[in-house]
Amino acid sequence: MKKIVIAIDGYSSCGKSTTAKLVAAELGYAYIDTGAMYRAVTLYFLENHVSFTNPKEIADALANIDITFHYNAKAKRNEVFLNGLNVEDEIRKMYISNQVSEVSVIKEVRRALVAQQQKMGRKRGVVMDGRDIGTAVFPDAEVKIFMTADVDTRARRRQQELLAKKQLENLDTIKQNLEKRDLIDSTRAESPLRRAEDAYLLDTSHMTIDEQVDFVLDKVTTRI
Ligand code: C5P
């Protein structure tokens with residue numbers, strides 16, 4: 001069977017990663033969470049006091065950053081490592097969510113991560129989720145999905161996700177963070193969040209995860 005690239009883009013907390021993971025498992029494909037890569041860079045910048053506006057500091061930092069994914073069989077998930085250290089839990093915390101979109105606008109950061117993502121998907125057989133996969137990373141992806149959902153639903157889902165990790169966050173704080181990130185992500189100069197012309201629109205406001213997965217798999221069957 002032909003191996004393809006499945007690009008899943010969209011707003012924050014629409015269920016992109018949950019859907020992408022299940023689609024990848026169903027097809028035996030690799031799943032790549034590109035948001036985790038921007039989060040890992042943000043963690044490095046914060047820990048090392050890298051100025052978001054100093055090109056030299058940014059270039060030096062990027063030269064020292066190594067991001068890899070490793071499968072944790074016990075947790076049954078891919079986890080992100082920053083310079084050999086497992087940062088999967090740390091990068092999901094609110095202080096990273098609050099800064100990540102500011103780091104994601106930096107064009108040197110985008111160029112470095114997009115190049116790495118293209119390398120990771122060069123053999124195809126991947127499901128990649130993010131903001132610019134169908135427009136910038138793999139404009140030739142065989143299946144493109146653009147996910148959206150109303151912001152209250154998204155905030156509630158994110159709150160549940162955080163709660164499952166024992167992180168208690170106020171619903172309004174989460175909603176404000178989602179709206180702020182959506183705004184920065186869709187108005188930045190370099191590869192902004194937008195729906196590719198050939199992407200299927202998937203509004204998950206009133207859908208179950210199974211329905212979302214079926215929607216994507218249905219589009220995939222016509223392409224493999
Ligand atoms: O997917 P997640 O919500 O973890 O992404 C965190 C942030 O990383 C996004 O709000 C966005 O600023 C950035 N991002 C991006 N391009 C991607 C993936 C994520 O700019 N392909």
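Structure data summary
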{"quantity": "Point-charge dipole on Cβ atoms (K/R +1, D/E -1) for the range 5-221, about Cα centre, debye to 20", "calculated": "320"}
{"quantity": "Interatomic Cα distance distribution for the chain, bins of 10 angstrom, percent", "calculated": "8, 34, 39, 17, 2"}
{"quantity": "Inter-centroid distance (Cα atoms) of the range 92-110 relative to the range 195-224, Å", "calculated": "27"}
{"quantity": "Proximal charge balance of Arg195 [Cβ under 15 Å; K/R count +1, D/E count -1]", "calculated": "-3"}
{"quantity": "Residue (of Ala149, Ala199, Leu43) at the positive-pole extreme of the range 5-221, dipole from beta-carbon charges", "calculated": "Leu43"}
{"quantity": "Per DSSP, loop trypsin sites (Lys or Arg not before Pro) in the range 58-136 with at most 10 further Cβ within 10 Å", "calculated": "Lys74, Lys76, Arg122, Lys123"}
{"quantity": "Extension gain from Lys166 to Arg122, taking 0.36 nm per residue of separation minus the Cα-Cα distance", "calculated": "12.1 nm"}
{"quantity": "DSSP-defined beta bridges in the chain - what % are antiparallel, rounded to 5", "calculated": "30"}
{"quantity": "Residues of type lysines that Lys74 reaches as a straight line, Cα spacing below 21 Å, ignoring anything fewer than 8 places off in the same chain", "calculated": "Lys21, Lys165, Lys166"}
{"quantity": "Estimated D of the range 106-224 in µm² per second, where Rh is the Kirkwood radius over Cα pairs and Stokes-Einstein applies at 4 °C, 1.567 mPa s", "calculated": "81"}
{"quantity": "Mean Cα-pair separation over length for the chain, i.e. relative contact order, pairs under 8 Å, 6 or more apart, %", "calculated": "34"}
{"quantity": "Farthest positive-ward along the range 77-123 dipole, Cα basis, beta-carbon charges - from Val100, Leu82, Gln118", "calculated": "Gln118"}
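Read-outs: derived from the displayed coordinates by stated rules, not from any lab. Only a predicted model underlies this, so the values are computations on that prediction, with no experimental measurement involved. All Cβ positions, glycine included, derive from the backbone under ideal geometry; neighbour counts span all protein chains shown.
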